[in-house]
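J.: Have a look at this one before I ask anything.
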Amino acid sequence: MRIHEILGVEPMQVNTYRDGDKQFRFYVDWEGNPRSLSENSLCAYEVCLLINYPEQIIRTPKLTDEQKELLKALVVFEGYWLCKEEAGGVFAYREKPTKQGKGWRGGGDYLVVTPRKNLRPLLSLVSWDDEKPFDIEQTLRDAGVEV
């Protein structure tokens with residue numbers, strides 16, 4: 001079994017490890033070496049964290065071509081942050097919102113995503129359980145898409 005299979009990530013896919021105050025972004029290269037985005041390689045302690053606590057890995061979703069195109073279109077319309085409210089509504093905000101009560105607030109102008117059939121492929125990218133809003137531009141960059 002290879003390290004990316006053990007961690008449940010795809011090779012060259014950027015992911016985040018978060019446990020309390022400890023957070024770092026990483027990927028596993030084609031040779032199976034865990035790499036940090038901020039440094040060349042991860043230290044042994046960080047590799048142990050990944051292996052022993054894989055539930056702390058925030059996996060960047062693998063985007064379909066259709067999702068990439070839809071997210072790029074949201075950016076054109078100044079939708080930079082995707083969020084799902086407790087009631088199930090999905091919105092794309094211009095400014096980064098914060099989770100408050102049963103929804104997200106303070107994100108300035110927004111686009112309603114939920115009822116539009118052509119935007120349904122985006123619904124699986126967000127959940128009410130998300131602690132932070134989904135960063136559309138960063139996700140596209142991580143997927144190798146020019147924004």
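The values are calculated or read from the model by the stated rules, or taken from the named source; none is laboratory data. As the structure is a prediction and not an experimental result, all values here were calculated from the model. Please note: Cβ atoms are built from the backbone with ideal geometry, for glycine as well, and neighbour counts cover all protein chains shown.
J.: Hey, among the residues in the stretch 107-119 that are in contact with a helix residue (DSSP H, G or I) (Cβ under 9 Å, 6 or more places away or on another chain) and in a helix (DSSP H, G or I), which one's nearest to Lys68 (Cα to Cα)?
T.: Result: Leu119.
J.: Can you pull out every residue in the stretch 10-32 that is farther than 17 Å from Leu140 by Cα and surrounded by 14 or more Cβ atoms within 10 Å (Cβ to Cβ)?
T.: Selection gives Tyr17, Arg18, Phe24, Val28.
J.: Residue under question is Leu71, and the condition is that it be in contact with a helix residue (DSSP H, G or I) (Cβ under 6 Å, 6 or more places away or on another chain), under 24 Å from Ala143 (Cα atoms) and in contact (Cβ under 8 Å) with a residue 40 or more places away in the chain; does it hold?
T.: Criteria met by Leu71.
J.: A further question on this structure: How many residues are more than 24 Å from Val147 (Cβ to Cβ), modelled with pLDDT under 85, polar (S, T, N, Q) and loosely packed, with under 12 Cβ neighbours inside 10 Å if we restrict to the stretch 33-73?
T.: So the count comes out to 1.
J.: Would you point out which residue out of Gly79, Gly144 is assigned to a loop (DSSP other than H, G, I, E, B) and at pLDDT below 90?
T.: Matching residue, one of Gly79, Gly144: Gly144.
J.: List pairs: first residue in the stretch 4-33 and touching a residue at least 40 places away in the same chain (Cβ under 8 Å) and on the phi < 0 side of the Ramachandran plot, second residue of a type outside the set (A, V, I, L, M) and in a loop (DSSP other than H, G, I, E, B) anywhere in the structure, Cβ distance under 7 angstrom, at least six positions apart or on different chains.
T.: Val9/Arg59; Glu10/Lys62; Gln13/Thr60; Gln13/Lys62; Val14/Thr60; Asn15/Arg59; Asn15/Thr60
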